[in-house]
Amino acid sequence: MHAGTYLRLWRSLLILSPIVFLSLYLYNDYVKYDNKAILDTLLEENLYVLPPNNLNYLDTFDDEEIDLLIANPEKYITKTNKKSKGPQLKGRFLHITDPHPDPYYIEGGLIQYACHRDFEADVASDLLKGSKFGDPMLGCDSPMDLIVETFNYMSRNFPSSEVDFILLTGDNSRHDNDRKIPRTSFEIMGNNMDFSTRLLDLYPDIPIIPTIGNNDIYPHNLMDIGPSMITRQLGTIYQSMIPEEQRRLYERFGSFFKEVVPGKLVVLSLNSMLFFKKNSLVDSCMSPTDSGYQHLLWLGSVLNQFRAVGMKCWIISHVPLIQKNLEESCYLKVNLWIHEYRDVIIGNLMGHMNLDYFNVIKGDELRQRLKETYFMNSLQIEDSAGKLIYKDGLNDDEPMFSVMGAAPVNKDRYMNKVRKEFKQLNMGIDYDDLDKEQDAYHIINVAGSIIPTFNPAFRIWEYNTTDASTFSVEDMSVNEMNWSLFFEDLENEIDNIATIGIQKRKGKKKPKMNKDKSIPKPKPENLPNGPAFENQFGTPLSFTQYFLKLDKLNRNYYKLKDKKKYKDNIEQLIEDIFAYEVEYTSTDLLKLAGVIPDKVDYLGNEDVPDLTVKTYLQIMKGLVSRKKTWRKFLKWVYVSSGYEKNTV
């Protein structure tokens with residue numbers, strides 16, 4: 001070949017080589033990242049939909065292939081004719097949440113120092129200071145005087161002779177908001193011990209069911225499955241409240257349940273920390289090695305046993321089981337269990353958010369969204385840390401509000417979002433066929449708190465006990481559960497699943513939905529709906545919301561404390577003036593929403609609708625019908641503190 005030809009060839013190679021290498025690099029980069037980039041763009045624009053050719057792939061999942069962890073629940077049930085006498089039910093229980101006691105709170109302490117310190121200097125004279133019983137919306141935690149007197153008030157006005165059980169949904173310690181006095185594990189456990197002792201002294205003969213809050217653990221928000229020092233300490237503190245046969249698994253998951261009416265009604269205390277998105281130890285609920293996945297195995301097995309025995313169940317947790325708070329796959333799975341066990345679950349009572357409102361969850365869409373989650377994971381879409389990710393257009397990672405201690409921040413923005421969600425849900429409901437429509441939904445109730453984020457509050461619930469007369473029959477056939485054997489087998493099964501998960505993780509195999517035992521089977525069609533949908537034993541009938549007007553209480557205290565009558569008897573003064581008031585009732589809420597006429601006096605629960613799901617859907621519809629109605633509702637959401645007036 002001619003020398004000039006070689007020269008031209010080499011020149012061409014030198015020119016083309018960078019282009020070829022650059023093209024190969026870009027192609028490799030496209031193959032590696034293109035799916036994620038495109039999906040992220042669609043998600044940001046809220047335009048994500050699965051392509052039609054993938055829908056067939058999703059439909060290949062057969063729900064009937066999903067197996068329960070405990071396949072034979074009847075194994076643990078024995079029918080007997082033993083003599084049994086149950087409790088005399090009053091049809092009433094008490095719900096308390098988020099007390100946040102602060103042993104370092106001082107009357108007159110500067111708000112900017114968490115009410116922990118004061119200065120005599122003139123410069124401090126114009127600064128905001130904490131009052132005797134605390135101040136709404138200013139940011140300090142609860143003074144011990146507020147906590148002690150609140151419990152004394154409850155025991156005087158709602159003694160154990162008038163309530164069947166007490167629910168305590170967590171955060172029994174102060175916030176870690178003072179660098180000069182950092183929280184310690186010793187202090188946190190001491191606060192929980194104080195609460196346990198105090199409640200048991202005041203209510204020694206009725207069940208008390210606590211749950212773990214994000215401020216009941218150390219460090220704040222961080223918790224993995226145990227056994228751990230935290231779960232062992234809490235298990236010891238609450239040992240009289242936790243059935244002995246559940247202690248081992250409580251030390252593992254921090255969850256347990258209590259039969260408040262033996263064989264009939266149970267309260268399940270669910271540790272929401274293992275699903276909480278702010279818990280950096282929670283990756284997801286997708287793999288058998290995940291804490292949340294194993295916790296769901298416990299939850300599903302227990303719910304299935306309740307179904308087999310014929311018991312009905314309240315679920316309580318600290319963090320509300322809503323999309324804002326939970327890791328996405330955990331949110332989908334735990335609410336799918338609630339949806340598919342709607343023949344068992346009465347309702348869901350939570351705290352944490354210091355708001356008094358309710359969420360409506362559309363349960364019938366969760367299974368399809370979970371299938372999409374598995375599909376997205378199958379695409380190998382990973383984040384920068386190498387973790388599989390999935391987000392949908394409804395997910396909200398934006399912090400709607402942050403909290404420095406108890407001060408409310410951006411709560412109005414969050415409630416605006418709730419109103420928009422209510423409106424969207426409302427558009428898809430056929431209110432002419434609510435008996436059928438309600439099957440697709442369940443309710444998450446969020447309770448007002450004792451801590452003065454707003455005004456302190458607690459709630460008394462009333463429920464149906466109409467067929468409880470059977471408990472007074474001395475010779476009756478009852479289902480007797482061998483819970484010790486059940487939990488022994490359950491622990492072994494969970495251990496086996498976790499071991500297999502570790503082996504698969506080493507092999508880097510992706511989880512398959514139809515092999516996932518943390519997902520429930522669809523509810524059998526022959527099972528009737530439970531107390532959440534039809535008025536029967538356990539159905540919530542009404543509630544009364546009590547609140548404490550802190551500004552009024554503090555004014556009365558400072559006005560009277562130097563009077564001759566009380567000068568040497570401050571304890572008597574506090575007893576005379578410290579009183580919670582009725583803020584509103586469920587009947588008031590029904591009137592506000594237009595579910596029942598406003599100008600009619602109702603003397604008893606028999607005259608008003610029960611608090612089944614269909615009633616809540618009607619309330620939701622009424623609340624979003626007019627802005628004026630919503631603003632009146634917000635007054636109760638913020639516990640009559642006036643917060644809604646400051647956020648116009």
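The values are calculated or read from the model by the stated rules, or taken from the named source; none is laboratory data. If you're wondering where the values come from, they're calculated on a predicted model, not measured in any experiment. Using ideal geometry, Cβ is built from the backbone for each residue, glycine included, and neighbour counts are taken over all protein chains shown. Just so you know, the surface numbers come from the protein's heavy atoms only, side chains and all, with ligands and any DNA or RNA stripped out. Shrake-Rupley method; radii C 1.70, N 1.55, O 1.52, S 1.80 Å.
Compared with the rule-of-thumb size 2.2 N^0.38 Å for a compact globular protein, the stretch 214-373 has a Cα radius of gyration ratio of 0.99.
A simple spin-label model places the labels of Leu202 and Glu437 4.1 nm from each other, with each point 7 Å out along Cα-to-Cβ.
Here the extension length gained between Ser185 and Arg248 equals 20.5 nm, from 0.36 nm per residue of separation less the Cα-Cα distance. Averaged per residue, the stretch 238-311 has 25 square angstrom of accessible surface, using a 1.4 angstrom probe with ligands and nucleic acids left out. Here the spin labels are modelled as points 7 Å beyond Cα on the Cα-Cβ line, and at Leu222 and Lys559 they lie 4.9 nm apart.
Cβ neighbours within 10 Å, averaged per peptide: list 226-235, 165-174 in order, most packed at the top.
Details: 226-235: 18.4, 165-174: 26.3.
With the highest mean Cβ count within 10 Å placed first, the list reads 165-174, 226-235.
Cross-link list Lys312/Lys599; Lys312/Lys614; Lys312/Lys635: which exceed 24 angstrom alpha carbon to alpha carbon? Spell out each step's value before the answer.
Numbers: Lys312/Lys599 36 Å; Lys312/Lys614 19 Å; Lys312/Lys635 33 Å.
Checking Cα-Cα distances, Lys312/Lys599; Lys312/Lys635 exceed 24 Å.
Each label was represented as a point 7 Å from its Cα along the Cα-to-Cβ direction; for Lys420 and Asp551 these points are 3.1 nm apart. Here the stretch 514-641 has 46 percent of its accessible surface on carbon and sulfur atoms, given a 1.4 Å probe and all protein chains in place. Size check on the stretch 155-251: the Cα extents along the three principal axes, sorted descending, read 43, 33, 16 Å.
Past 21 Å, Cα to Cα, is the threshold; run Lys552/Lys627; Lys129/Lys567; Lys411/Lys627; Lys90/Lys258 against it and keep the listed order. Cα-Cα > 21 Å for Lys552/Lys627; Lys129/Lys567; rest within. Against the empirical curve 2.2 N^0.38 Å, the C-alpha radius of gyration of the stretch 538-648 lands at a ratio of 1.42.
Can you give the FRET efficiency for Asn529 and Gln368, using 1/(1 + (r/R0)^6), R0 = 25 Å, r = Cβ-Cβ distance, to the nearest 0.05?
Efficiency at R0 = 25 Å is approximately 0.70.
Rounded to a whole number, what is D in µm²/s for the stretch 208-267 from Stokes-Einstein with the Kirkwood radius over alpha-carbon pairs (37 °C, 0.692 mPa s)?
Working: Rh = 12.0 Å.
D = 273 µm²/s.
Residue-wise HN-Hα couplings along the stretch 584-594, as the Karplus relation 6.51 cos²θ - 1.76 cosθ + 1.60 with θ = phi - 60° gives them from phi, are 6, 10, 4, 5, 4, 5, 4, 5, 4, 7, x Hz; Gly and Pro carry x. Taking the Kirkwood radius as Rh and the Cα radius of gyration as Rg, the stretch 296-370 has a ratio of Rg/Rh equal to 0.95.
For the stretch 558-648, report the accessible area per residue in Å² (1.4 Å probe, heavy atoms, rounded to an integer). Walk me through the intermediate numbers first.
Details: 5180 Å² over 91 residues.
Each residue of the stretch 558-648 exposes 57 Å² on average to a 1.4 Å probe.
Here the calculated FRET efficiency for Asn152 and Lys627, from their Cβ-Cβ distance with R0 = 56 Å, stands at 0.85, rounded to the nearest 0.05.
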